[in-house]
Amino acid sequence: MTTVTLHRSDALGVITLDNPPVNALSREVRAGLLARLQEALADDGIKTLVISCAGRTFVAGADIREFDLPLQEPHLPEVLGAVEASPKPVIAALHGTVLGGGLELALACHHRIAVTGTTFALPEVSLGLIPGAGGTQRLPRLVGAPLALDMIVGGARLDAGAALAAGLIDGLGQGEPLALAQTFMHEHPRLERRPTGERHLAPFDLEAFEAQARVLLRKLPGQEAPVQALEALRGAWQLPLSEAMQRERDLFVARRESAQARALRHVFFAERALAGRNRALAKAAPPVELQQVAVIGAGLMGSGIALCLANAGIRTILIDTQAQALERGRATIDSYFSGALAKGRLTAEQASARAALIRCAIDLAAVAEVDLVIEAVFEDLAVKQEVFRQLDRLARPGAILATNTSYLDIDAIAAVTGRPEAVIGMHFFSPAQVMRLLEVVRIRTVAPAVLATAVQLGERLGKTTVAVGNCHGFVGNRLLAVREREATLLVEEGAAPEQVDRVLRDFGFAMGPFELRDLAGIDIAWRNRQGRGEALSAAERACDLIEQLHAAGRLGQKSGAGYYRYEPGQRQGQADPAVAELLAAHRQRRSIIPRSHSDKEILERCLFVMINEAAWLLEEGIVKQAADIDLVWLHGYGFPRYRGGLLYYADDRGLAHIVSTLEGWSDALTERGTEICPRLRQLAAEGRRFLDA
Ligand code: 3H9
């Protein structure tokens, strides 16, 4: 239940906001705050006011759920204007995460004290917004324009120590926020009003500021909000305060309705809904407690998984039966921790404590000690089956056996063990210690507690953990495969790899399909195609560019050439005339007359075939929630967050348009061995959306 109360204690009036879970500034809270403020101002016995919050945090921002509704009075700028104009001094007593509108409320108070551990940020740009209640004007007046730039445009977060040093808060200590506020008052018996808006902006180097702004914006390509946040911030020295506040408000109101902000809200709630479902899974079948985990295979993937586990405080045995590989794994781990130490991300004690959690072993028998084994060996079914036979023999009864395969049939791996109920997929993405996504692959035989354990572990590792069903490539790589197939066919028909890559980069991907293929390795794609054999359609088999590049020794970045040519030490590829020749010869052999493609056709072909495949994933029950497909591609494959995800994008484009476009290609789709998914047709016919279904 939401309440805003006023409690009087001698000459102190304490206004407490209580709106679980994060004290968001809903309409009710804004109205309550305004009403209690007016009561406190009318009470002659109250000389000073404190604003604090009940529960785990001070206000964490405006109520995001209200952003899809019409604006409702009282508006936050007015409420905060009343706080700042209070003739009695107002202290903000802060704890937890003081974010967005919550920080703006604190800025509107005359003094700010915080509990150790409090963090501060204006994360509005991550929601496609800008601060809309004075943040762009009051923050620079307190901390200076350069730091305000990092926080408002770059979304930088300050810890309490940094906030104190920057002048954002006036006091910091241990204990209850209210008790700290009382101590602060006793230490400052003549506490006065000190409206932030009346302060002068400290002089700063405008040229350096603009240079820093350009650096920040370059890191956020395609996003509109940071550009507009910067425009609002410049008002702090370009305009009188009231006009700058109005400009900020106008920009905020327009952004609230923008396509990017709507898409980012979808992602925000999809992420929370997934976390909620994962928690429910653990409640339904209590997970196994993991004392110790083993990782098999000390390559980049296995070492990365071991790092994730150690970073989460889990004792880990990294096992590789090849001494050299094990040594390389240990070196990878050591260099990660020394890098983290050098960059100041970990203290020396933290780094050595975490490194000590990883023990290396050469004998597979070490798995006898652990509760969970994660296998990360060579991607080959026979190899993995052999490892699983041994693991089944050596691991204690009840221990969970997970495979990190990215494509293979996990049912076939489980079948060689005597414990198919304890076998599961845990598909990490490379580099595992960096990438946010984890696909947990449930097979038909898996026990609910085993699934819950894997999902809970993913959450503990800080991963976006999506439970999916078993099929070739699961969710992420199955969609990647259809995009790559389409991109390759476009090139076969006459498009240049550079054009296809540019179109997808313009859409917002960090790299295009061919740049990605060169990074991941042509040999990986080659091996995958060999493994698929008869499962490839005739069209896919005939379009054998991968085989040709492989035969020419063009394995991608690692060999200095793939679809592109790479200068030594360069990761940016150059268009290569040798590839153009290879493509021309290929087309001639196949009697294909090259044609040109519009950017629109390239984009639609690459994305619409993925949308159709995503519909099949839902139809086959591989994934249960459409939003999970969005999250897989957002966190694992660089789908631009401000576009909301693949199926959010599909809904936005309109499913009827997508189906009619796909129908135009239906013969070609049949040749590729695929059809338009009936679920997609039905949704389109009924005028429905993936995300509402
Ligand atoms: C803004 O302030 C604009 C202003 O400048 C201008 C206004 C005029 N609203 O993440 P969690 C819910 S823009 C509504 O799992 P955690 C969340 O959905 C806003 N609901 O917990 C979840 O609900 P459920 C700027 C919110 O401990 C529950 O709270 N602020 C809001 O891991 C728990 O969330 C932000 O962008 C909200 N603002 O992390 C902050 N925030 O249980 C966004 C959370 O039903 N929030 N909920 O699934 C966060 O970053 C994290 O939620 C937070 C807690 C760090 C606060």
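Within the stretch 247-285, being within 22 Å of the chain's Cα centre (by Cα), open to solvent by 30 Å² or more (accessible area, probe 1.4 Å) and within 12 Å of the ligand (Cβ to nearest atom) holds for Phe268, Phe269, Glu271, Arg272, Ala273, Arg277, Arg279, Ala280. Quick one: would you say Val29 is among the β-branched types (Val, Ile, Thr), under 16 Å from Ala92 (Cβ atoms), crowded, with 21+ Cβ neighbours inside 10 Å and in contact with a helix residue (DSSP H, G or I) (Cβ under 8 Å, 6 or more places away or on another chain)? So Val29 fails the test.
Residues satisfying the criterion are absent from the stretch 661-669 (criterion: of a type outside the set (Ser, Thr, Tyr), surrounded by 17 or more Cβ atoms within 10 Å (Cβ to Cβ) and under 30 Å from Ala225 (Cα atoms)). Count of the stretch 33-67 residues, restricted to those that are more than 9 Å from the ligand (Cβ to nearest atom) and within 27 Å of Arg272 (Cα to Cα), is 5.
Of all residues in the stretch 43-101, exactly one satisfies the criterion of being among the hydroxyl-bearing types (Ser, Thr, Tyr) and either without any contact (Cβ under 8 Å) to a residue 40 or more places away in the chain or in contact with a Gly (Cβ under 6 Å, 6 or more places away or on another chain) (or both), namely Thr57.
Only strands (runs of 3 or more DSSP E) whose full extent lies in the stretch 1-91 are considered here, and the ones with at least 2 residues that are farther than 20 Å from Leu122 by Cα and under 36 Å from the mean Cα position of the chain (by Cα) are 3-9, 12-18. Filtering the stretch 114-123 down to residues that are surrounded by fewer than 24 Cβ atoms within 10 Å (Cβ to Cβ) and of a type outside the set (Ser, Thr, Tyr), which residue is nearest to the ligand (Cβ to nearest atom)? The residue in question is Pro123.
Evaluated against (1) assigned to a helix (DSSP H, G or I); (2) more than 18 Å from Gly197 (Cα to Cα); (3) within 25 Å of the chain's Cα centre (by Cα); (4) away from the ligand (no atom under 12 Å from the Cβ), Gly154 falls short on exactly one condition, (1). Within the stretch 124-140, the set of residues being part of a loop (DSSP other than H, G, I, E, B) and either near the ligand (Cβ under 9 Å from one of its atoms) or at negative phi (or both) comprises Leu129, Ile130, Pro131, Gly132, Ala133, Gly134. In the stretch 668-687, which residue that is charged (D, E, K, R) and closer than 24 Å to Glu493 by Cβ is modelled with the highest pLDDT? Looking at residues that are charged (D, E, K, R) and closer than 24 Å to Glu493 by Cβ, I get Glu675.
If I filter the stretch 484-499 for residues that are among the basic types (Lys, Arg), modelled with pLDDT of 95 or more and in a helix (DSSP H, G or I), do I get at least one hit? Scanning the stretch 484-499 turns up no residue that is among the basic types (Lys, Arg), modelled with pLDDT of 95 or more and in a helix (DSSP H, G or I). Scanning the stretch 196-221 for residues that are assigned to a loop (DSSP other than H, G, I, E, B) and more than 37 Å from the chain's Cα centre (by Cα) yields Arg199, His200.
Among the residues of the stretch 628-641, are any small (Gly, Ala, Ser), modelled with pLDDT of 95 or more, outside any loop (DSSP other than H, G, I, E, B) and under 20 Å from the mean Cα position of the chain (by Cα)? Yes, the stretch 628-641 contains at least one residue that is small (Gly, Ala, Ser), modelled with pLDDT of 95 or more, outside any loop (DSSP other than H, G, I, E, B) and under 20 Å from the mean Cα position of the chain (by Cα).
When Arg315 is tested against (1) open to solvent by 60 Å² or more (accessible area, probe 1.4 Å); (2) within 15 Å of the ligand (Cβ to nearest atom); (3) at pLDDT 95 or above; (4) within 27 Å of the chain's Cα centre (by Cα), just one condition goes unmet, and that condition is (2).
The values are calculated or read from the model by the stated rules, or taken from the named source; none is laboratory data. None of these values were measured; they are calculated from a predicted model. Cβ sites come from the backbone with ideal geometry, for glycine too, and all protein chains shown count toward neighbours. SASA here: full protein model, heavy atoms, side chains in, ligands and nucleic acids out. Shrake-Rupley method; radii C 1.70, N 1.55, O 1.52, S 1.80 Å.
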